[in-house]
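No value in this document is a laboratory result; all are computed from the given coordinates. Please read all numbers here as calculations on a predicted model, not as lab measurements. Because the Cβ atoms are built from the backbone with ideal geometry, glycine has one as well, and the counts that use them run over all protein chains shown.
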Amino acid sequence: MSGTLHLGQRAELTRSYTAGDLAEFAALAGTAPGEAVPEPLLGALFSYLLGVELPGPGTNYLKQDFAFPAPAPLDTALTASVEITRIRAEKQIVDLWASCTTPDGTVVCEGRALVKAADTGRLPAGSAEG
């Protein structure tokens, strides 16, 4: 991703998880596989977006606060997105709203991610936005 970061900028990805994915996760976690996608696998979608897409490489998580209002079903396309809600350029801090939904719009995860963006020249010059 190139260009300066700005308010409202978004990135998203869509992924589904199978029973096999949950079995592999459960084996790593030392638990029995469940019937819904575990919360850490949903969180991993946001980690990918933040570290690869927006803000991108070199991003460090400072804080996250997520709620999981509904179970994430297996074999269903889940769309995770992040959107910049505030930029504090002088501190390289970016606030983002994160959400993950099913095709019918059911929210399975949502909340705030606070990150420190790498100094790659993508942060706006001057005063903070937001």
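Which angle from 0 to 90°, rounded to the nearest 10, does the C-alpha axis of helix 39-48 make with the longest principal axis of the chain? Relative to the chain, helix 39-48 is tipped by roughly 30 degrees. When peptides 51-62, 9-20 are sorted by average Cβ neighbour count within 10 Å, with the highest value leading, the order is 51-62, 9-20. Exposure proxy for Asp21, Asp119: other Cβ atoms within 10 Å of each Cβ, ordered fewest to most, give Asp119, Asp21.
Taking the Cα centre as origin and putting +1 on Lys and Arg beta-carbons and -1 on Asp and Glu beta-carbons, what dipole magnitude results for the chain, to the nearest 20 debye? Mind showing how you got there, number by number?
Working: 9 positive and 15 negative charges, 109 e Å.
Using only the charged Cβ atoms, the result is roughly 520 debye.
For the chain, the longest principal axis of the C-alpha atoms and the axis of helix 19-29 are separated by about 80°.
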